[in-house]
């Protein structure tokens, strides 16, 4: 079922519990004159089980759950990580935070991945596979997957972005600046191709 274009013209909810992700995606949405609401703007508290085997499945699950709970058109996303030098079985995929059967804290993630990147030579490259889904209150869903390369380092920045710990271990390929030390606008500029693809999806589906 296609998402209703009439519904799409209403204000858009971004289904996330992560303020940093909201800030980053909102910065992209603003470039195409789209206004996002966060669940906490509506007093909405929702725990969604991300049981999908891919980023796209999880994005659809989240968008559908938030759209049903809020009764409005909802955007959601999920990401998977692929790191050069790892076998298919070793890849984090959609389980970036879950290691050894448990969910890591931000600091535990930084320690774990810094050690992994050191084992891979100190500065491995990788790519994020990010899925975005838009769901109407009637249940229609549209989704897209975009990929963007990244450069990692085994030496973490002292600057932290709560909710996005790997920003302390990623650097701008062109400038060498840590993502955690950049503003959302600067990160958007550094990941221009990713931002363009996200903006194109929003423009296409909401325009």
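For the range 92-125, what are the residues that are surrounded by fewer than 15 Cβ atoms within 10 Å (Cβ to Cβ) and either in contact with a strand residue (DSSP E or B) (Cβ under 6 Å, 6 or more places away or on another chain) or in a loop (DSSP other than H, G, I, E, B) (or both)?
Selection gives 95, 100, 101, 105, 121, 122, 123, 125.
Considering only the range 187-207, how many residues are assigned to a helix (DSSP H, G or I) and in contact (Cβ under 8 Å) with a residue 12 or more places away in the chain?
The total comes to 14.
In the range 71-86, which residue that is more than 11 Å from the chain's Cα centre (by Cα) and either touching a residue at least 60 places away in the same chain (Cβ under 8 Å) or on the phi > 0 side of the Ramachandran plot (or both) is surrounded by the most Cβ atoms within 10 Å (Cβ to Cβ)?
Checked the range 71-86; the qualifying residue surrounded by the most Cβ atoms within 10 Å (Cβ to Cβ) is 75.
Across the range 137-164, which residue is surrounded by the most Cβ atoms within 10 Å (Cβ to Cβ) among those that are in contact with a helix residue (DSSP H, G or I) (Cβ under 9 Å, 6 or more places away or on another chain), free of Cβ contacts under 8 Å to residues at least 60 places away in the same chain and more than 30 Å from residue 206 (Cα to Cα)?
Here the answer is 156.
Quick one: which of 196, 191 is modelled with pLDDT under 90, under 19 Å from residue 25 (Cβ atoms) and out of contact with any strand residue (DSSP E or B) (no Cβ under 7 Å at 6 or more places or on another chain)?
196
Just wondering, is there one or more residues in the range 149-166 that are touching a strand residue (DSSP E or B) at 6+ places or on another chain (Cβ under 9 Å), under 24 Å from residue 16 (Cα atoms) and in a strand (DSSP E or B)?
Checked the range 149-166: at least one residue is touching a strand residue (DSSP E or B) at 6+ places or on another chain (Cβ under 9 Å), under 24 Å from residue 16 (Cα atoms) and in a strand (DSSP E or B).
Would you check if there is a residue in the range 43-57 being part of a helix (DSSP H, G or I), free of Cβ contacts under 8 Å to residues at least 12 places away in the same chain, more than 15 Å from the chain's Cα centre (by Cα) and closer than 27 Å to residue 183 by Cα?
No, there is no match, as no residue in the range 43-57 is part of a helix (DSSP H, G or I), free of Cβ contacts under 8 Å to residues at least 12 places away in the same chain, more than 15 Å from the chain's Cα centre (by Cα) and closer than 27 Å to residue 183 by Cα.
The values are calculated or read from the model by the stated rules, or taken from the named source; none is laboratory data. Computed from a predicted model, the values in this text were never measured in an experiment. Cβ atoms come from the backbone with ideal geometry, glycine included; neighbour counts cover every protein chain shown.
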